[in-house]
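Rule-based calculations on the coordinates, nothing more; no lab input. Because the structure is predicted, anything quoted here is derived from the model rather than measured. Cβ placement follows ideal geometry from the backbone for every residue including glycine, while neighbour counts extend to all protein chains displayed.
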Amino acid sequence: MKELPKEVLEGFVSWYCDYPLSNKEDCYKDKINKEYLSSIGKEKFIEFFYEFVSVGGEIQSGGHRLKNGFRETVKNNFASFRTYILKTFDDNFNIEDWIVNLKNYHRFGIGAATIFLNRVDKNKYAILNKKTRDGLRIVGCKISSSDEKAYLKVLEIQYWYIQRYPEIFKNYYQIDAFMHYLVGVEEGKRLAIRFLGAHFQSNKLLPEEISNPDDYLEGAKKTITVNAYERDPKARKKCIDHYGNKYECQVCGDSLTKKYGKLAKGFIHVHHIIPISERGQEYKIDPLNDLIPVCPNCHAMLHRMTPCLSIEKLREIIKKQKLVVYIIFIRSLTAFSKRLSPSSSNFLGHPKLRRIKPSLPKIRPSLNPTPYCSKY
Ligand SMILES: [Zn+2]
Ligand SMILES: [Zn+2]
């Protein structure tokens with residue numbers, strides 16, 4: 001769990017003051033309580049939950065797609081769903097079992113269900129949805145994919161933050177708003193990138209993916225990752241010369257001419273590395289240190305995230321992936337050999353294969369980084 005820098009906390013507080021949903025912390029107080037929900041009849045009960053899911057408990061807007069299916073679920077399982085809902089007010093309420101049993105109520109997903117819990121008691125129950133997972137990842141916490149395990153973890157982590165910053169987060173509703181701030185609000189995302197090292201998946205186009213930007217409509221143009229330096233011929237030349245004029249990718253080591261021959265001669269992308277310390281500020285470009293030749297595939301992968309991945313990070317990903325492919329290969333080879341000879345666990349022991357010299361060391365991926373300029 002990361003400590004939260006003062007810039008991020010201050011940013012959140014000033015945003016939350018104007019956040020339209022900040023005055024909705026208690027907006028279901030009159031209805032989400034044991035007295036009300038156990039007193040209303042079937043029709044009213046169904047309508048209440050239909051409404052609750054349609055408006056996403058006033059927190060999220062995603063319920064419209066699900067609302068009709070969900071109403072059917074409640075209609076067809078009314079008695080059981082009512083008992084299930086009223087359990088949340090019991091003294092011996094078991095949260096883990098409750099989450100496991102969610103699967104019995106089609107279209108009442110973990111998001112809506114935990115918003116409901118948060119409305120039951122905002123001091124006791126957190127909200128778990130995609131935004132929570134993404135937000136927690138930014139503060140350095142990865143949570144389980146199974147909902148019940150993930151939920152206990154969310155409670156634990158968010159409780160820690162509430163204890164740690166009691167002046168900022170008074171309950172689980174507010175820390176949920178903070179998760180939204182980190183992943184869904186431009187200002188919050190910017191601070192998360194700058195102070196928490198966050199990355200966001202990017203759908204932006206690379207400058208190279210557009211041959212003539214003038215042909216594009218104004219709206220589309222805005223989605224281009226505008227980076228004038230990557231297209232500036234003088235800066236490009238300086239950078240390519242600096243790397244020995246070899247047109248080799250400095251991430252994966254590939255040379256396009258090896259694959260495409262003459263056709264690729266003199267072709268390479270140039271990527272603009274923006275030093276972390278300079279992000280968000282004006283700075284002067286240094287074509288030797290800030291630009292680097294990369295192949296189009298690696299270039300696209302660098303730009304998959306906002307801000308761009310670092311060269312080192314992408315090299316690391318490629319190295320890890322090679323290892324994964326290698327392990328899968330070895331496993332399938334072992335499984336294959338077992339099928340040939342169920343009694344022998346070692347494929348090399350099989351008489352049919354004994355004569356074949358294993359050539360595994362040849363395909364072992366290089367664990368050393370691909371050669372690259374010592375500057376990087
Ligand atoms: Zn490459
Ligand atoms: Zn780039």
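Things to note:
- Take the Cα of His106, step 7 Å toward its Cβ, do the same at Leu21, and the gap between the two points is 2.8 nm.
- Taken over the C-alpha atoms, segment 6-199 has Rg and Dmax values of 16.9, 52 angstrom.
- Of the trypsin sites (Lys or Arg not before Pro) in segment 133-185, those whose Cβ has at most 16 other Cβ within 10 Å and which sit in DSSP loop: Lys142, Lys170
- For the peptides 110-122, 242-254, the ranking by mean Cβ contacts within 10 Å, running from highest to lowest, is 110-122, 242-254.
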